[in-house]
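Okay, so here's the structure we're looking at.
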Amino acid sequence: MTDHGRDTEATGPDTEATGPDTEATGPDTEADRLTASQRQRGLAVVMASAVTVGLTLGMTIPLIALNMTAAGAGAALVGINAAMPALAVLATAPWAPRLIARFGTVQTLVLGCVVSAAAVALFPVLDSVLAWFGLRFAMGFGLALQWVVSETWLSRIVLNANRGRAVSLYATLWAAGIAVGPMVLHVTGITGAWPFVVATGLLLLAAVPPLVGRRCVPAGGMRADGGGWSWALFRVAPGTILAGFAGGFAEIALFTLLPLYGEGAGLGQAAAVLMVSMFAAGGLGWQLPLGWFADRVGSRRVLVIISVLCLVFVAGFDLVAESWLIWPLLFLWGGATSGYYTLGLTEVGHKFPLADLAHANVLFIMAYTVGTISGPSIVGAALDLWPRHGLPMTLAVLYCLYLGATAGWERRS
């Protein structure tokens with residue numbers, strides 16, 4: 001379709017912005033232009049695409065790492081390669097709003113899926129560890145487009161009254177896809193071209209729902225030139241953007257380093273690995289309740305609540321590390337940590353006017369990505385300096401800083 005079709009964003013006024021600091025400034029005006037049936041179909045499109053891409057990510061992360069190791073690459077090289085998608089997100093995401101405004105929501109999302117699929121398809125063809133760095137970056141480029149477009153589409157079509165539940169369902173399906181992805185490798189294996197063919201097919205399949213549901217994209221609202229994202233957006237809602245950073249920092253640091261902490265605490269290797277599973281189970285299980293709660297009392301308030309809870313959990317972590325209480329604590333801690341992204345994304349939809357929504361999503365995603373890169377490095381260094389207490393102490397500082405920033409945000413609101 002052309003830029004004047006149903007799936008473009010540059011034809012309508014920004015009528016829904018009533019001020020940056022109220023709880024309900026999100027795009028209800030635009031969502032109301034769609035029928036209930038169109039909103040439901042649009043949500044189904046975003047959810048189906050998200051779970052398919054999540055499934056592919058769950059497959060390709062271990063698949064590429066294991067193939068690189070089999071080819072003789074060391075752990076350091078594998079780790080650097082794994083950072084390529086994050087670097088691609090930082091390089092690509094700022095351009096996504098311009099692409100959305102120029103080509104349309106559906107076309108940009110399909111482009112992201114096709115680019116990612118092409119990159120994955122070339123992995124077994126270009127049998128070179130060096131070439132795989134470029135392919136991993138290209139894959140990250142496509143996934144960055146998919147990430148920004150999906151979340152912008154989601155934010156535009158949901159009503160404020162059920163925004164938290166819609167975002168939490170999206171996050172749950174994404175996480176479920178990533179969790180199931182490694183299981184697919186048990187069927188496809190990790191050698192040869194077959195697992196890459198399956199992953200390529202899944203990414204191409206993720207482009208189908210947007211094409212089918214292209215008439216469920218609301219028209220109007222985004223600047224025709226793509227506008228511009230800037231730190232001015234950060235000043236509108238700093239607590240919202242910092243929630244992305246805090247979530248990425250804590251989540252990836254804990255996923256990466258909990259086993260090392262567990263072994264250092266004398267739990268044994270099996271129990272140390274189980275710590276990650278319990279943390280992940282909490283993250284998956286608490287998404288929907290947090291979304292429901294946010295719709296009742298406000299996502300900003302729930303962000304403060306989970307930050308206080310995380311501070312309580314981390315303060316008691318060392319005390320219960322060698323008792324059975326560590327397991328319910330990890331489950332609750334995983335749920336609270338996952339809430340940073342879900343509630344932050346919910347706040348993005350509440351806080352920013354339609355014309356700036358894609359740019360705000362970009363800033364939120366970039367903050368999360370910076371957190372995922374810096375978290376393991378900083379917490380890992382703290383563990384080296386202070387093996388028993390480095391992890392909880394560093395995260396305690398993170399939660400205190402976030403609560404301090406949130407308190408300042410509240411005073412300005």
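Observations on the model:
- Residues within segment 133-157 that are out of contact with any Ser or Thr (no Cβ under 8 Å at 6 or more places or on another chain), of a type outside the set (A, V, I, L, M) and either free of Cβ contacts under 8 Å to residues at least 40 places away in the same chain or under 18 Å from LEU203 (Cα atoms) (or both), tallied: 5
- Residue match in segment 205-218 (condition: buried (at least 20 other Cβ atoms within 10 Å of the Cβ), closer than 20 Å to ALA117 by Cβ and either touching a strand residue (DSSP E or B) at 6+ places or on another chain (Cβ under 7 Å) or among the hydrophobic types (A, V, I, L, M, F, W, C) (or both)): yes
- For PRO392, the test of being crowded, with 16+ Cβ neighbours inside 10 Å, in contact with a Ser or Thr (Cβ under 7 Å, 6 or more places away or on another chain) and closer than 21 Å to PHE317 by Cβ is failed.
- Taking (1) at pLDDT below 90; (2) crowded, with 16+ Cβ neighbours inside 10 Å in turn, ALA76 satisfies each apart from (2).
- Of the residues screened, LEU254 is one that is crowded, with 22+ Cβ neighbours inside 10 Å and of a type outside the set (Lys, Arg).
- Close pairs from segment 279-299: first within 14 Å of THR346 (Cβ to Cβ), partner outside any helix (DSSP H, G or I), Cβ under 7 Å, at least 6 apart: GLY298/GLU23
- Residue selected from segment 140-178 under the condition hydrophobic (A, V, I, L, M, F, W, C) and under 22 Å from ASN81 (Cβ atoms), by the criterion nearest to the chain's Cα centre (by Cα): TRP147
- Residue selected from segment 179-204 under the condition among the small types (Gly, Ala, Ser) and within 18 Å of MET68 (Cα to Cα), by the criterion farthest from the chain's Cα centre (by Cα): GLY192
- Subset of segment 362-389 that is of a type in the set (Phe, Trp, Tyr) and crowded, with 16+ Cβ neighbours inside 10 Å - its residue that is nearest to GLY334 (Cα to Cα): TYR368
- Total residues in segment 265-290 satisfying the condition of being crowded, with 18+ Cβ neighbours inside 10 Å, of a type in the set (Gly, Ala, Ser) and in a helix (DSSP H, G or I): the figure is 4.
- Positions within segment 57-79 being free of Cβ contacts under 8 Å to residues at least 24 places away in the same chain and either part of a helix (DSSP H, G or I) or in contact with a strand residue (DSSP E or B) (Cβ under 7 Å, 6 or more places away or on another chain) (or both), in sequence order: ALA65, THR69, ALA75, ALA76, VAL78, GLY79
- Candidates in segment 164-190 are the residues that are touching a Leu at 6+ places or on another chain (Cβ under 9 Å) and β-branched (Val, Ile, Thr); of these, the one that is nearest to TYR341 (Cα to Cα) is VAL167.
- Verdict on PHE331 being in contact (Cβ under 8 Å) with a residue 60 or more places away in the chain and among the aromatic types (Phe, Trp, Tyr): no
The values are calculated or read from the model by the stated rules, or taken from the named source; none is laboratory data. A quick note: this is a predicted structure, and the numbers were derived from the prediction, not measured. Using ideal geometry, Cβ is built from the backbone for each residue, glycine included, and neighbour counts are taken over all protein chains shown.
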